[in-house]
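Step one of this worksheet: look at the structure below.
The values are calculated or read from the model by the stated rules, or taken from the named source; none is laboratory data. Quantities reported herein were computed from a predicted structural model and do not represent experimental measurements. Glycine also receives a Cβ, built like all others from the backbone with ideal geometry; neighbour counts cover every protein chain displayed. We work out accessible area using only protein heavy atoms, side chains counted, and drop any ligands, DNA or RNA first. Shrake-Rupley method; radii C 1.70, N 1.55, O 1.52, S 1.80 Å.
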Amino acid sequence: MNEPTRFGTVTPEVVERLSAILGAGGVSVDGEKIAVYSRDEVAERFWDRPYRAEVLVFPESTRHVSEILRMANERRIPVTPRGAGTGLSGGAVPAFGGILVSFERMNRILELDTENLCMTVEPGVITAEITRAARKAGLLYAGDPCSGDASFIGGNVAENAGGNKVIKYGPTGSSVLALEVVLADGSVTWFGGKRRKDVTGYDFVHLMVGSEGTLGIITKIVLKLLPLPAFGVDLLIPFPTVEAAIRFVPRIALEGRVTPASIELVDHHSLSQAEKFLNTRLPFDQAAAHLIVQLEGNDREVVADETERVGKLALEKGALEVFVADNRSSRDKLWKARKSVAEAIMAYYQNYAKEDLVVPTDRVPDLLFAVDALCRKWRMEAANYGHVGDGNIHVNLLMADDRPHWHEDMEQARQELYETVRQLGGTLSGEHGIGLKRKAYLPQFLDAPQLELMRRVKLAFDPNGILNPGKLVFWDKKTGEAGA
Amino acid sequence: MILLKIAVFLKQVPDTDEVRMDEKTGTLIREGVGTVINPLDQNALELALSLRAAKGGSVTVVSMGPTQAELALREALALGADEAVLLCDRAFAGSDTWATARTLAAAVRKTGPYDLLLAGAKATDGETGQVGPETAAMMGLPFVSNVCAVEIRAEGLVASRSVEDGTERTRAPLPCLLTVVHEINEPSMPTLAGKMRARRAPVHVLSAADLGLNPEECGLAGSPTRVVRIAFPKVTRSGLRFSGNELDRGIALVAERLDSMGLLGQKRPARSVDSARSPEAVRPIRPIELAWEEAFKNDPGGGVLVCGECRNGSIHPSTLELAGKARELADSRDSSVTVVLPFGHLDDDPDRCIRHGADRVLAVCHPALSLYNPDVESRLFAALIRRLRPEIVLAAATTSGRTTLPAVAALVDTGLTADCTGLSIDPENGDLLQTRPAIGGNVLATIRTPSRRPQMATVRPRTFRLPPEDPSRRGEVYRLTPPERFLLSPLVPLGRETRQEEGTPIQDAEVVVSGGKGLKRPDGFRLVEELAAVLDGAVGASRPTVEAKWIGYPHQVGLSGKVVTPRVYIAVGISGAIQHLAGMQTSEFIVAINRDPEAGIFRVADIGLVGDLFDIVPRMAGAIKARKEAQR
Ligand SMILES: Cc1cc2nc3c(=O)[nH]c(=O)nc-3n(C[C@H](O)[C@H](O)[C@H](O)COP(=O)(O)OP(=O)(O)OC[C@H]3O[C@@H](n4cnc5c(N)ncnc54)[C@H](O)[C@@H]3O)c2cc1C
Ligand SMILES: Cc1cc2nc3c(=O)[nH]c(=O)nc-3n(C[C@H](O)[C@H](O)[C@H](O)COP(=O)(O)OP(=O)(O)OC[C@H]3O[C@@H](n4cnc5c(N)ncnc54)[C@H](O)[C@@H]3O)c2cc1C
């Protein structure tokens, strides 16, 4: 990473200005506290060096954010927004120091509008709280990342987080109707509105979605809600091979004639990590892979019919058994296992690469064959799991703790994997984002005209490049990064 | 091959995660709230299915409930149960545990006979754990509660039951009833084939008339207890903050609060043995020997009877707490307090019960009583209650109290309120008002036993402060030897094993002291451990300390660790990230120690101490120790 060249630094006077804006309680220069906030869920040892913000701030309103940005823009001080820090791409890591903006105090649900089926929230609301608030009103907020008990909605929007219900409802962006955004110079604007259609101008809402804090800072979000299905059921289906599991996926729609809310895959290695972590067992845990298929609807009998149809089909297609979870205790058990795979792997392995690959759904088996071959070649293991219904597989390459030069080996293995992904028509990240972690690989997947276009978009929004520098976009031709 | 005919009691409970209250009417909002099979009943069903798989036989599931309870029964059928019986009648509505047990007993008689009856140790809504033992006692069947392992033998079975400090093994004949805890197995998930079969299988519905029950004996009409009031305990945090030279005051306040919560009193019975032996504590009291058959034949009746507990030769502290509380209740009724102490041998001084408030102590002693046998104990207590005719009977809500007392209540035909945290006398009519938490602590219910006597309650240990001993109190100690017929029992206790002291699991501890990244170094946990030791508490941890391997994963509190609800949670050097709060914010009393006044942990703390933990923690441990010393 290049050293910051022409960015301004946070002087005592800047801290004073920030305190004047936010009050003393809204600003921290405590090194230890800054260190805690200067990272996300990417382990710090994966960076070339620790990155630290110079000052940490806790705005409580759009006005606060606007004043912070106006000042930062004048002085060319980098500003990194931070949600809950559950990101898996280093997006919230302050790569060039400067001001780190935590949204934990902008955490109010401002309005639940049942007439227009939408909810207006601040960016620091925890995703699961939105789900709960909607559910209380008999409504569904469809965003459902596995980290939802922790992540902030602002982070979800900035990353266009996916999750478990993408095949039916789309990623976070599909639920976003409007955004209040503070632009780099401190001006405040609304993109979109409580409208289901809108062609008045560019679709800036969906440009902001997934922009990882590089184009503007999101201060309010209007989310779309749906009627909450009355009944849900999860099928847990063990398969003798990963391939059989994946081949079954398209059959659900084609022959089963249903669109499940989710189709998740957990391979044997992933499941055993989760079982160890949770000290629990799922049935048939020796199987090569398990699918979780979620069906939902408003009529118990209809859902039961669909369950039988999909279940029988699975058995015809080689499933070892079909388990049916339709009450909270068994559904929770199954999802808890699914959702803790990521943490379990981090708990038991030191040397891993956590990939977020996405390929056309019919190429997933090819991808996994390639991963197998790669594992043999590089003498490593892999744990694969993820949202297989949408072709998004979290491939985790795992190397032994005591392996010398694991870092270099991993880098090469990863390069080979990326090459395969590209050939399969896939790409680098489906939902975790580019951030700091994957930026260097971006040119392998996007061509020069597109990279150039991204640069121009970035500079149109943020001419001084103060917004989350170091992430997602190459905007400075000379240095490849900072310095206007 | 033994063919086992097994019946499993199944309760459909509201999904506690979704429980909401109508604040105006004080009732549960059930609309839109999902239901689940009571989790421990699933373990009971799993046990039944695995026994059937091993020994052959059949499994019948029985549920009393509204028509929707059919769903729970169908789930059981899907898991492999052979038959499902739904006890459904308007007349059953409003049943307390006693009326429920009666209805279940009638159903068992009607659909049985069975070799084995199984139930969960308690349900997540009522949390009484009384239905199993009451049903068994009403049917005259032996029972073992809190079972964590079973072996079927040629002659009956051997069950291990989990108790506070380990396990006890008991041999029981068939037929008998077992209530199970979750350690016993991992419930399975139904298969598609099971679901398909269950969807089409019949569920037999039986009404009060089918069971030969008179509507007066069922439901609300047949229930000895009445809920008179529901309150919603609001967790309000006092949110006091102390820093700088205010810290001493804050620390003193913490110690004071712990004391008033009864957490600094004597805990280890061993200590009481010492005081019993120290010469100045012992007054020469000569027990009055009484012949069982003649004892208290002409007792005037009335008063409060405490069913005491002795363990390893000493009187359990909860018995002394209850003696104190009983004194208070008796005083407002102008009556007397009797404590019954059953034991095999005793190194302790029964007179301590008198110094804590009793008027007389009945030491019921026989070598056969050294190992716990609920069957013998419940019959002994029931016999004494019949003779002494007390108005009120209290026992500690320990595993043994919560096992024996339901059987006693069934034998003497009266209601029982489980696990009370408040007891008082209604000034209007002299009834005992029994207050207890329910539905995961979401409500506090106040219960009365209007028309039957005695009024019985088990009381959560350490709810009432141990009163100071009053050396001037006088009373009588009687010694009774129960006749052999009481000691003949179908249950044979085989022995007990105390758990190796590797620290209490954090979910079970009353006090949890947790350390976070603020401890700086792995050995920082020593500080936390020392404070925990002073409080007899368990050690918890935040995730980064577990990740850094300063401490093991079983200690992790939070979203991806354990959820704990201790009476006291002390967070040391923990910032209070939402994922950590998710694991501890429902603790009764929270103390936070952090040098950052903005730390999120202070938002949930009752008392926040702002400063350096390396300074505060030792001072706090010192202050608590000093206060404990002063107690003695
Ligand atoms: C166990 C685990 C499971 C996960 N499962 C999933 C999953 O299923 N699907 C999925 O998609 N992701 C998943 N993730 C990744 C992560 O949770 C998501 O990317 C999430 O959206 C990040 O939210 P956050 O609030 O933690 O954001 P942070 O990590 O704090 O920040 C993420 C990005 O958002 C930017 N940002 C934050 N707030 C704002 C704002 N107000 N304005 C502008 N930019 C902002 C930051 O600058 C940064 O670039 C998982 C992570 C973990 C640890
Ligand atoms: C998906 C997911 C799941 C998670 N699950 C959990 C979980 O189950 N449990 C959990 O705990 N976390 C969990 N986390 C992590 C959580 O987000 C926080 O990172 C973590 O709780 C912080 O731990 P901490 O408070 O010990 O450390 P820090 O946040 O580093 O806080 C240390 C604190 O110590 C204080 N301190 C430092 N020195 C001193 C001193 N000398 N005296 C007094 N105070 C001092 C500091 O002021 C600071 O507040 C999870 C995160 C994710 C993304």
Karplus (6.51, -1.76, 1.60) ³J(HN,Hα), θ = phi - 60°, over segment A:192-207, in Hz, Gly and Pro reported as x: x, x, 6, 10, 7, 9, 5, 10, 7, x, 5, 7, 5, 3, 7, 7
Between segment A:306-322 and segment A:430-457, the Cα center-to-center distance that results, in Å: 41 Å
Low-density loop cleavage sites - GluC sites (Glu not before Pro) in segment B:389-483, where at most 13 other Cβ are within 10 Å (DSSP): B:E428
Residue-level accessible surface for B:M139, protein heavy atoms, 1.4 Å, Å²: 50 Å²
Cleavage-rule hits, chymotrypsin sites (Phe, Trp or Tyr not before Pro), segment A:195-296, DSSP coil, Cβ neighbours within 10 Å at most 10: A:Y202
Table column - 3J(HN,Hα) (Hz), segment B:301-313, Karplus curve with 6.51, -1.76, 1.60, x for Gly and Pro: x, x, x, 10, 10, 10, 7, x, 9, 10, 10, 6, x
Rounded to the nearest 10 Å², the accessible area of A:D447 at probe 1.4 Å: 90 Å²
Residues of type aspartates and glutamates that B:K562 reaches as a straight line, Cα spacing below 13 Å, ignoring anything fewer than 8 places off in the same chain: B:D508
Nearest-20 debye value, segment B:288-496 charge dipole, Cβ charges on Lys, Arg, Asp, Glu: 400 debye
Beta bridge orientation in segment A:12-102: antiparallel %, DSSP, nearest 5: 20 percent
A:T420 accessible area, assembled protein chains, probe 1.4 Å, Å²: 40 Å²
DSSP bridge pairs, chain B: antiparallel proportion in percent, nearest 5: 35 percent
Accessible surface buried once A binds B (1.4 Å probe; total of both sides; Å²): 3000 Å²
Under 25 Å from A:K317, Cα to Cα: lysines that are on another chain or at least 8 residues apart: A:K165, A:K168, B:K195
The protein assembly as shown - share of DSSP beta bridges that are antiparallel (%, nearest 5): 55 percent
Low-density loop positions, GluC sites (Glu not before Pro), segment B:116-173 - DSSP coil, at most 14 other Cβ in 10 Å: B:E155, B:E164
Net charge of Cβ neighbours under 13 Å - reference B:S335; Lys, Arg +1; Asp, Glu -1: -1
Percent carbon-and-sulfur accessible area, chain B, ignoring ligands, DNA and RNA, probe 1.4 Å: 51 percent
Accessible-area order (highest first, 1.4 angstrom probe) of the listed residues A:F369, B:F9: A:F369, B:F9
B:L320, A:L320, ranked by accessible area, largest first (probe 1.4 Å): A:L320, B:L320
Surface share of carbon and sulfur [accessible, 1.4 angstrom probe, percent] for segment A:12-102: 51 percent
Anchor B:K297: lysines whose Cα lies under 30 Å away (excluding residues fewer than 8 positions away in-chain): B:K325
Whole-Hz couplings from phi, Karplus 6.51/-1.76/1.60, listed for segment A:391-401; x for Gly and Pro: x, 9, 10, 8, 8, 10, 8, 10, 10, 4, 4
B:S145 long-range amide H proximity, modeled H, under 5 Å: B:T179
Sum of -39500 (n - 2.57) over DSSP H runs of 4+, divided by residues of the protein assembly as shown (222 nm, nearest 500): -9500 deg cm²/dmol
Cβ-based net charge around A:D234, under 11 Å, with every Lys or Arg adding one and every Asp or Glu removing one: 0
Built amide H within the under 5 Å cut-off of B:G422, gap 5+: B:T435
